[in-house]
1. Checking the condition at pLDDT 95 or above, under 22 Å from the mean Cα position of the chain (by Cα) and not in a loop (DSSP other than H, G, I, E, B), which residue from Thr45, Thr85 passes?
2. Looking at (1) more than 23 Å from Leu296 (Cβ to Cβ); (2) in contact with a Ser or Thr (Cβ under 9 Å, 6 or more places away or on another chain); (3) crowded, with 19+ Cβ neighbours inside 10 Å, find the lone condition where Thr99 falls short.
3. Which residues, taken from the stretch 19-34, are loosely packed, with under 10 Cβ neighbours inside 10 Å and either in contact (Cβ under 8 Å) with a residue 40 or more places away in the chain or not charged (D, E, K, R) (or both)?
4. Mind checking which residues of the stretch 356-385 are surrounded by fewer than 17 Cβ atoms within 10 Å (Cβ to Cβ) and in a strand (DSSP E or B)?
5. Looking for whichever is closer than 17 Å to Arg378 by Cβ, modelled with pLDDT of 95 or more and in a helix (DSSP H, G or I) here; the options are Ala68, Ala120, Ala112, Ala158. Which one fits?
6. Inspect all residues belonging to the stretch 129-139 and state whether any of them is among the aromatic types (Phe, Trp, Tyr) and more than 29 Å from Ser206 (Cα to Cα).
7. Scan the helices (runs of 4 or more DSSP H) fully inside the stretch 234-333 and keep the ones with 2 or more residues being of a type in the set (Lys, Arg).
8. Which one of the conditions (1) touching an Asp or Glu at 6+ places or on another chain (Cβ under 9 Å); (2) at negative phi does Gly361 fail to meet, given that it meets all the rest?
Amino acid sequence: MTDDLAQLLPFRIEFGARALDDLRRRIEDFRWPNLGYDAGWATGTDDATLRDLVRYWVRDFDWQRVQAALNERAHVRGDIDGDTTHAMVTAGPAAECRTPLLLIHGWPNSFADYLDVSRALATPDAEGRAFDLVVPSLPGFGFSNPPSTPGLHPGRIADRLHLLMRSLGYEQYGVHGGDWGAIIGTALAQRHPDAVLGLHLTHLPSRALPPDAAPLSEPERAYLDNLQATRFEESGYVAIQGSRPQSLAYAQNDSPVGLLAWMLEKFWAWSDHGTDRAGSLWDALDRDRVLTDATLYWLTGTALSAMRIYYERAHMSEPYLDQFVEVPTAFLRFPRDPWGGPRDLVARSYHLVRYEEASAGGHFSAMEQPERLSEDLREFLGSLG
């Protein structure tokens, strides 16, 4: 990767009637499978929930309203390391004390999930402190072009995001991430520690413990045992996307309902909802936000290129999470996030200066608990001076 700064140009999101009419036609022409018997969520996406959401997608979801809201923010695109990278930028008031903050999304998410968080943090607090928020589309996601060559693993993505921040004029900045954002954010803190003011995580990346590691505490053991116990039922998507994403992508790139079904199962599995099969999911998540993600994947045609991040991690040839993170780190644990690691385990790999536990929420914290996430980010980065 070169150190040349990117020339970032203004960008506007524009999908017109032709693209939306094609989406609607494909949804209405979908051939529903004969399930034989009702298994609920046990064998995958619940049919009744999916059908209800698809009806809403066709009849009530207003992409033009969403697009207008997204275009209220500034967007930039430019070439970084041979591929076009996109970011949404929300600047705080010019006269206030502002801290740059990079917010990194994961899968099956998008930059749009941080709309509420970026709005809250761009607003000054009682002491006049605010943030400049930079929310990129990861390579191959949304409006960042698919990688043109293989090998773009999370460590190399971290390098690209560092160059993005430098191209925007930020030499030092905070970093937040969950899901892939936590993995890439960790790599960024390891590879560019002088640039990262503080690292904020809601997801603990998996790492092998060294042979000389101290014995596990009871919370650590319980956490790792739970991950292992649920691996078979909950990790099939990782195996497929990490080994044969292209085979799956042909169907997802041709069927918006198929794409939504694949994504929806993870929104159900990892969010903080009740036991009701359908309705309680929308107590945890806004269905318009879920459909915003699905529509972005569809309109940009990025089902395959987004999944390839799993393949690149599984087939990488260089380490990128092999060091202790010296950058000051905060961890906010949400009770229904499967990767909400206990304090002791987080402290094995990070210079942990803050550890908080939220009372509610799951893996999709920016969508489920934006106020709680914003509050913790503001307090953590404010404490670093």
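1. On inspection, the qualifying residue turns out to be Thr85.
2. (2)
3. Across the stretch 19-34, the qualifying residues are Pro33, Asn34.
4. If the condition is that a residue be surrounded by fewer than 17 Cβ atoms within 10 Å (Cβ to Cβ) and in a strand (DSSP E or B), then Glu356, Glu357 are the ones that fit.
5. Ala120 is the lone residue from the list that is closer than 17 Å to Arg378 by Cβ, modelled with pLDDT of 95 or more and in a helix (DSSP H, G or I).
6. Checked the stretch 129-139: at least one residue is among the aromatic types (Phe, Trp, Tyr) and more than 29 Å from Ser206 (Cα to Cα).
7. Ranges flagged: 287-300, 303-314.
8. Here Gly361 clears every test but (2).
The values are calculated or read from the model by the stated rules, or taken from the named source; none is laboratory data. Just so we're clear, the structure is a prediction, and the values are computed from it rather than from any experiment. So basically every Cβ, Gly included, is an ideal-geometry build from the backbone, and we count neighbours across all protein chains shown.
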